[in-house]
Amino acid sequence: MRVGFVEWSEGLIANSEQWFKLVGDLSDAKLDILVTNELPFGPWIASASDFDPKVAEHSIECHRAGLEALNRLKIPAVISSRPVWEGSRLANEAFCLEGGAIKHLHTKQYFPAEAGWFESNWYATQSRDFEPVVVCGVSVGVLLCTEVMFNEHARHYRNQGAELIVVPRATGRTVDVFRTAGAMAAIVSGCYVVSSNRVGQGPNGPTFGGKGFACAPNGELIDMTSQENPLAVIELDLAAVKERQKSYPCYVEERF
């Protein structure tokens, strides 16, 4: 099972010259699953402190075009996130594009509220879902960016049979804290953890740090993306997941 993860540029537009440069690398990689960064298409709208319905709708349109472009890649499964309306605000919905069909995976529930990341002003949800979904025969849990900081959800995914946790991100230049959080998510769940991130800076936004990463079920770093190598690929060993989940600390019983 070949899983690819990336660092894609801020403001990526489907069918642009930049997009077509990425497509060649993706085709050559022969992936089973591609994990993108969080909200990968168009500008990072949460850099503005005030919610704007027109800007929100533009982001939705960028992602509609992006989904069509992703579908044309013919990768068996693509895991990403997109903005969708939920009441008068947006929800950040993680989804899987598999066999041409869009499958809901998870809705983001933890939102930063600071300069560059005013997400709590743009996104909201009533959802409380943290349940794994089978993608290409692999049980997958999603933690969208900040959610990886809360290890109880990684542990919950493990208890529900997850084998892979994906962490689409849009994080700044301080990468180590997220890499540490990803390693801890792997350690407490016994799952592979794969994360992609935005990179670069928009006209009025923060600087995104890239550095997608993959952690083995024991928390060790397997690989990381870079400016020179914006796509990295790992092979999943699901037997290793099953063995790791029998070991410490995965087997420790929880108290409620």
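Tabulated results
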| quantity | calculated |
| --- | --- |
| Whether segment 124-167 is rounded, prolate or oblate, judged on the alpha carbon gyration tensor where a/c under 1.5 counts as rounded | prolate |
| Label zone at Ser27, where the point sits 7 Å out along the Cα-to-Cβ direction: segment 100-135 residues whose backbone N lies under 18 Å | none |
| Rounded, prolate or oblate (a/c below 1.5 giving rounded, otherwise prolate when a/b exceeds b/c) for segment 46-149 by Cα gyration tensor | oblate |
| Listed pairs Lys30/Lys211; Lys30/Lys103; Lys211/Lys246; Lys74/Lys246; Lys21/Lys108 exceeding 25 Å between Cα atoms | Lys211/Lys246; Lys74/Lys246; Lys21/Lys108 |
| Percent accessible area from carbon and sulfur atoms, segment 1-110, protein chains only, probe 1.4 Å | 51 |
| Rounded to whole Hz, the Karplus (6.51, -1.76, 1.60) HN-Hα couplings of segment 16-22, x for glycine and proline | 7, 4, 4, 4, 5, 5, 5 |
| With every protein chain in place, segment 164-256: carbon and sulfur % of accessible area (1.4 Å) | 50 |
| Heavy-atom surface of the chain, accessible at 1.4 Å and reported per residue (Å²) | 43 |
| Amide H contacts of Leu34 (H built 1.01 Å from N, under 5 Å, at least 5 apart or other chain) | Gly4, Ala77, Val78, Ile79 |
| Contact order relative to length of the chain, as percent, for alpha carbon pairs under 8 angstrom and 6 or more apart | 21 |
| Net lengthening on full extension, Lys103/Asn204 (0.36 nm per residue, minus Cα-Cα) | 33.1 nm |
| Rounded, prolate or oblate (a/c below 1.5 giving rounded, otherwise prolate when a/b exceeds b/c) for segment 171-256 by Cα gyration tensor | oblate |
| Computed lengthening from Glu235 to Phe20, 0.36 nm per intervening residue step minus Cα-Cα distance | 74.9 nm |
| Antiparallel DSSP beta bridges within the chain, as percent of all bridges there, nearest 5 | 65 |
| Viscosity 1.002 mPa s, 20 °C: Kirkwood-radius Stokes-Einstein D of the chain over Cα pairs, µm²/s | 119 |
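The values are calculated or read from the model by the stated rules, or taken from the named source; none is laboratory data. Keep in mind that what you see is a predicted model, and the values were worked out from it rather than measured. So basically every Cβ, Gly included, is an ideal-geometry build from the backbone, and we count neighbours across all protein chains shown. Surface areas here come from the heavy atoms of the whole protein model, side chains and all, with no ligands, DNA or RNA. Shrake-Rupley method; radii C 1.70, N 1.55, O 1.52, S 1.80 Å.
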